[in-house]
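Undergrad: Below is a structure I'd like to ask you about.
The values are calculated or read from the model by the stated rules, or taken from the named source; none is laboratory data. Owing to the predicted nature of the structure, the values given are computational and were not obtained by experimental measurement. Here the Cβ is made from the backbone with ideal geometry for all residues, glycine too, and neighbour counts use every protein chain on show.
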Amino acid sequence: MRAFVPPLIELFQDALALGKNRDRLSPPVFAQAHPAILDRFDKLLLTSRGRHPDYLRVHRRLFKHCDELFTFLRDPRVPADNNGCARDIRSLAPARTGVRWRSSPSRASSSLG
């Protein structure tokens, strides 16, 4: 597991950086870097070995979802991070904490006014 995690983290950091910098790179440079990330991922999954239950769980999950993991590199409409979603959720959290639900939603009250 220890030999698997650091290269995996580095790979995802490189993929995120590539996705975030897509607009600053020329199309040929991006077109060369994108498959290189996927090749590194494939090589890591195919050459790493382990028996630890955590390693097996992570490896199976990565293998199962490998087509979805790098969607942000295939589709420029998909952001490389979820910062926008996190900001949206954080803006709703204070309002949520001010709402007290009673026995039915129609009788909900709010301390917000």
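Undergrad: Please find, within the range 33-68, the residue that is surrounded by the fewest Cβ atoms within 10 Å (Cβ to Cβ) out of those that are farther than 27 Å from Asn83 by Cβ and among the basic types (Lys, Arg).
TA: So the first thing to find is which residues in the range 33-68 are farther than 27 Å from Asn83 by Cβ, and the list is 39, 42-43, 45-57, 59-60, 63.
If we keep only those that are among the basic types (Lys, Arg) as well, we get 43, 49, 51, 57, 60.
Numbers: Lys43: 12, Arg49: 9, Arg51: 7, Arg57: 10, Arg60: 10.
For the range 33-68, the residue satisfying everything is Arg51.
Undergrad: Kindly indicate the residue of the range 42-60 that is in contact with a helix residue (DSSP H, G or I) (Cβ under 9 Å, 6 or more places away or on another chain) and not in a helix (DSSP H, G or I) and also nearest to Asp14 (Cα to Cα) among those meeting that condition.
TA: Ranking the candidates gives Ser48 first.
Undergrad: Picking from Phe12, Phe4, Phe30, which residue would you name as being loosely packed, with under 15 Cβ neighbours inside 10 Å and either closer than 20 Å to Pro79 by Cα or touching a residue at least 40 places away in the same chain (Cβ under 8 Å) (or both)? Explain how you work it out, then say what you get.
TA: Working: Phe4 fails: loosely packed, with under 15 Cβ neighbours inside 10 Å; Phe30 fails: loosely packed, with under 15 Cβ neighbours inside 10 Å.
Unique residue meeting the criteria: Phe12.
Undergrad: Tell me, which residue of the range 69-113 that is modelled with pLDDT of 90 or more, in a helix (DSSP H, G or I) and not polar (S, T, N, Q) is surrounded by the fewest Cβ atoms within 10 Å (Cβ to Cβ)?
TA: So the residue we want is Arg74.
Undergrad: For the list (1) touching a helix residue (DSSP H, G or I) at 6+ places or on another chain (Cβ under 8 Å); (2) not in a helix (DSSP H, G or I), I need the number of the one condition that Phe63 fails.
TA: Failing condition for Phe63: (2).
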